[in-house]
Amino acid sequence: MRPIPFMPTVSEIGVGEAGEIQGLEAVISYWTEGTCSAEEWMREVVDSWGTAGFVKRRGDEVLGFAVYGPQSCLPRAGRYPVGPLGEDAALLAYLEGDARTCRHLLVRVMRDLKLRGFGGVEAIASDLGLPRHVSTRFLSEGGWKPVCRGWRTGLPYTLMRADFGNIVEVGELARGLMGRVKLPVLKAPPVPQGTPVSVPAQARARVRERRS
């Protein structure tokens, strides 16, 4: 049995793998109103616009993914009464994964967009945390600001935005997000009673000095 790598990796979603990532097809279908498959959408957007998604893996296991792009390629965004969206911003459509994974992915998305010259990133977030939407609360905790609130089919949504004033500000946003990611504490196994404990040479030397 092949061991699973301890450290996860984040990489761009390749066109050929778009149809193989569980959950991605449903997200793309929702935001494009069923006009194309995940692979078709990713190919079109990557060719005309650039990177449009990241995936986080541990070995062969997919832990989560992020999807973003221009509003013109995510037509359902125009149905929400929270606009207009910023002309200098990309639209974050969705984040999949637990909170830790989503924060890692969001940092990569923001860095990518800043390096490509965007002024910010926006998201039509669900105040109730509904499926196929980013949670308003999650983005708010990450330093994003509300722009406009509105109701659609009786449900509340908020247009959230993170501005890219400069690299320092983007770095502060990233550090704020990653500061909420708690790494596991690796503890040594307990030593059975009666087992002799080895004392480092420097510690033994300090004990001899005190005794002398």
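The values are calculated or read from the model by the stated rules, or taken from the named source; none is laboratory data. The structure presented is a predicted model; accordingly, all values stated were derived computationally and were not measured. Cβ sites come from the backbone with ideal geometry, for glycine too, and all protein chains shown count toward neighbours.
Working carefully through the options 106, 92, find the one that is in a strand (DSSP E or B) and under 23 Å from residue 143 (Cβ atoms).
92
Answer yes or no as to whether residue 1 is modelled with pLDDT of 95 or more, outside any strand (DSSP E or B) and not β-branched (Val, Ile, Thr).
no
Report yes if residue 159 is modelled with pLDDT of 60 or more and either over 18 Å from residue 78 (Cα atoms) or assigned to a loop (DSSP other than H, G, I, E, B) (or both), otherwise no.
no
Where residues in segment 124-151 are modelled with pLDDT of 95 or more and among the small types (Gly, Ala, Ser), which of them is nearest to residue 93 (Cα to Cα)?
So the residue we want is 125.
Just the residues that are of a type outside the set (A, V, I, L, M, F, W, C) and touching a helix residue (DSSP H, G or I) at 6+ places or on another chain (Cβ under 6 Å), please, taken from segment 1-31.
Answer for segment 1-31, where residues must be of a type outside the set (A, V, I, L, M, F, W, C) and touching a helix residue (DSSP H, G or I) at 6+ places or on another chain (Cβ under 6 Å): 19, 25.
Mind telling me which of the residues 82, 45 ends up being surrounded by 14 or more Cβ atoms within 10 Å (Cβ to Cβ) and assigned to a helix (DSSP H, G or I)?
It is 45.
Picking from 62, 55, which residue would you name as being of a type in the set (A, V, I, L, M, F, W, C), under 13 Å from residue 15 (Cα atoms) and at pLDDT 95 or above?
Result of the check over 62, 55: 55.
I'm trying to understand the selection: among the residues of segment 4-32, which are loosely packed, with under 12 Cβ neighbours inside 10 Å and in a loop (DSSP other than H, G, I, E, B)?
4, 6, 7, 22
Do any residues in segment 74-86 that are among the charged types (D, E, K, R) have Cβ atoms under 8 Å from those of residues that are in a loop (DSSP other than H, G, I, E, B) and crowded, with 18+ Cβ neighbours inside 10 Å, where the two are at least six apart or on different chains, and which pairs are they?
Pairs that qualify, where the first residue is among the charged types (D, E, K, R) and the partner is in a loop (DSSP other than H, G, I, E, B) and crowded, with 18+ Cβ neighbours inside 10 Å, are 76/32.
Please indicate, with yes or no, whether at least one residue in segment 15-33 is in contact with a strand residue (DSSP E or B) (Cβ under 6 Å, 6 or more places away or on another chain) and within 19 Å of residue 110 (Cα to Cα).
No: zero hits.
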